[in-house]
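In what follows, a single structure is set out as structure tokens and then discussed.
The values are calculated or read from the model by the stated rules, or taken from the named source; none is laboratory data. It should be emphasised that the depicted structure is a prediction, and the values quoted were computed from it without experimental measurement. No Cβ is skipped: glycine too gets one built from the backbone with ideal geometry, and neighbour counts run over all protein chains shown.
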Amino acid sequence: MGQVAGKVAIVTGGASGIGEACSETLAREGASVLVTDVDDALGEGVIDRIAKAGGKAHYLHHDVRDEAAWPGVVAEAEKRFGRLDIVVANAGIGIMAPIESMTLADWQRQQAINLDGVFLSIKHAIPALRRAGGGSIVLMSSIAGLRGAPGLAAYSATKGGVRLLAKSVALEHAADGIRCNSVHPGIIATPIWGKIPTGAEGNRRNAPIDPRERAAAVVPLTRVGEAQDIANGVLFLCTDAANYMTGQELVIDGGMTAGGRPPPRTQ
């Protein structure tokens, strides 16, 4: 316990799924957390749970695409908690469609949230992190940022961009004591699976994607990952135990990118 005691974190998209797990884990380990999201009801719920567990957190309604709002978000973290040490750029969406039928609007929406939002989080947090004497930036990518994914070309493009953005930021700000790493989840059981729309009318699904069924078929460990599995990795990158890691990729995917298919089940 207390692995990030005394530190202050911003977690974008922190109201559900992986962001929720990151917010609650960082708070449980002693950080003061500014949770931002566009779902106010879920965001307030996260704050309530953190408070009941004895942690410190505050919620802000925040669209990561809105650059004009970013200075206020960073200022709120410093004003309320005194400094900024950690940024978890987690907010993101996925729109499934073949590239030839994806609309430009769907392409641009993913770019705006998944990549522009990450860029803005870094740009506006750097001065505060520098004032704190350094810190950790964690960018949420995906295994789709490491390899192609049919039907998710636009999503993969954004997550691949996040991967290389982390490396460039790590090099630019190493001298400031600011570390920047990317995290690459595999198939994780979160609400996003029920929210993934298709951008092509001819490719509508008859039922939501079941991540547990998909994981059983393609994950070598033959099971779906949980949001806490990813939050554990994010926590590590934010602790002093990772103080010599920057510009790296932390892959948490049950073996999917190791190659091959899962072994047959045994009785």
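Worth pointing out:
- Residues in region 168-203 that are at pLDDT 80 or above, surrounded by fewer than 17 Cβ atoms within 10 Å (Cβ to Cβ) and not in a loop (DSSP other than H, G, I, E, B): Ser168, Leu171, Glu172, Ala174, Ala175, Asp176.
- The residue pairs whose first member lies in region 229-252 and is at positive phi, whose second member is crowded, with 18+ Cβ neighbours inside 10 Å and of a type in the set (A, V, I, L, M), and whose beta carbons are closer than 9 Å, counting only pairs six or more residues apart or on different chains, are Gly247/Ala166; Gly247/Val169; Gly247/Ala170.
- Criterion violated by Glu76 - all others in (1) over 14 Å from Thr158 (Cα atoms); (2) buried (at least 21 other Cβ atoms within 10 Å of the Cβ); (3) modelled with pLDDT of 95 or more satisfied: (2)
- The numbered conditions (1) at negative phi; (2) free of Cβ contacts under 8 Å to residues at least 40 places away in the same chain are all true for Gly2 except (1).
- Any hit, region 3-14, residues being of a type in the set (Lys, Arg) and surrounded by fewer than 20 Cβ atoms within 10 Å (Cβ to Cβ): no
To keep it simple, each residue is scored yes or no on (1) touching a Lys or Arg at 6+ places or on another chain (Cβ under 7 Å); (2) surrounded by 19 or more Cβ atoms within 10 Å (Cβ to Cβ); (3) more than 18 Å from Thr246 (Cβ to Cβ); (4) without any contact (Cβ under 8 Å) to a residue 24 or more places away in the chain.
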{"site": "Gln110", "(1), (2), (3), (4)": "no, yes, yes, no"}
{"site": "Ala125", "(1), (2), (3), (4)": "no, yes, no, no"}
{"site": "Leu129", "(1), (2), (3), (4)": "no, yes, no, no"}
{"site": "Leu139", "(1), (2), (3), (4)": "no, yes, no, no"}
{"site": "Arg147", "(1), (2), (3), (4)": "no, no, yes, no"}
{"site": "Ala154", "(1), (2), (3), (4)": "no, yes, yes, no"}
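- Of everything listed in (1) in a helix (DSSP H, G or I); (2) modelled with pLDDT of 95 or more, the single unmet condition for Ala217 is (2).
- Subset of region 83-108 (residues that are under 21 Å from Ala69 (Cα atoms), of a type outside the set (Lys, Arg), surrounded by fewer than 21 Cβ atoms within 10 Å (Cβ to Cβ) and touching a residue at least 12 places away in the same chain (Cβ under 8 Å)): Ile93
Residue-wise test of (1) touching a His at 6+ places or on another chain (Cβ under 9 Å); (2) within 21 Å of Leu235 (Cα to Cα); (3) part of a helix (DSSP H, G or I).
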| site | (1), (2), (3) |
| --- | --- |
| Ala21 | no, yes, yes |
| Glu24 | no, yes, yes |
| Thr36 | yes, yes, no |
| Ala51 | no, yes, yes |
| Ala57 | no, yes, no |
| Val64 | no, no, no |
| Ala77 | yes, yes, yes |
| Arg80 | yes, no, yes |
| Leu84 | no, yes, no |
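- Candidates are the residues of region 25-40 that are surrounded by fewer than 24 Cβ atoms within 10 Å (Cβ to Cβ) and of a type in the set (D, E, K, R); the one that is farthest from Val138 (Cα to Cα) is Asp40.
- Among the candidates Ala51, Ala69, residue that is free of Cβ contacts under 8 Å to residues at least 12 places away in the same chain, of a type in the set (Gly, Ala, Ser), farther than 28 Å from Met256 by Cα and surrounded by 15 or more Cβ atoms within 10 Å (Cβ to Cβ): Ala69
- The single condition among (1) in contact with a strand residue (DSSP E or B) (Cβ under 8 Å, 6 or more places away or on another chain); (2) part of a helix (DSSP H, G or I); (3) buried (at least 22 other Cβ atoms within 10 Å of the Cβ) that Glu44 does not satisfy is (3).
- Residue list for region 46-82, restricted to those being under 19 Å from the mean Cα position of the chain (by Cα), aliphatic (A, V, I, L, M) and under 16 Å from Leu120 (Cβ atoms): Leu60, Val64, Val73, Val74, Ala77
- Residues that are of a type outside the set (Gly, Ala, Ser), modelled with pLDDT of 95 or more and either out of contact with any strand residue (DSSP E or B) (no Cβ under 6 Å at 6 or more places or on another chain) or not in a loop (DSSP other than H, G, I, E, B) (or both) within region 86-102 comprise Ile86, Val87, Val88, listed in sequence order.
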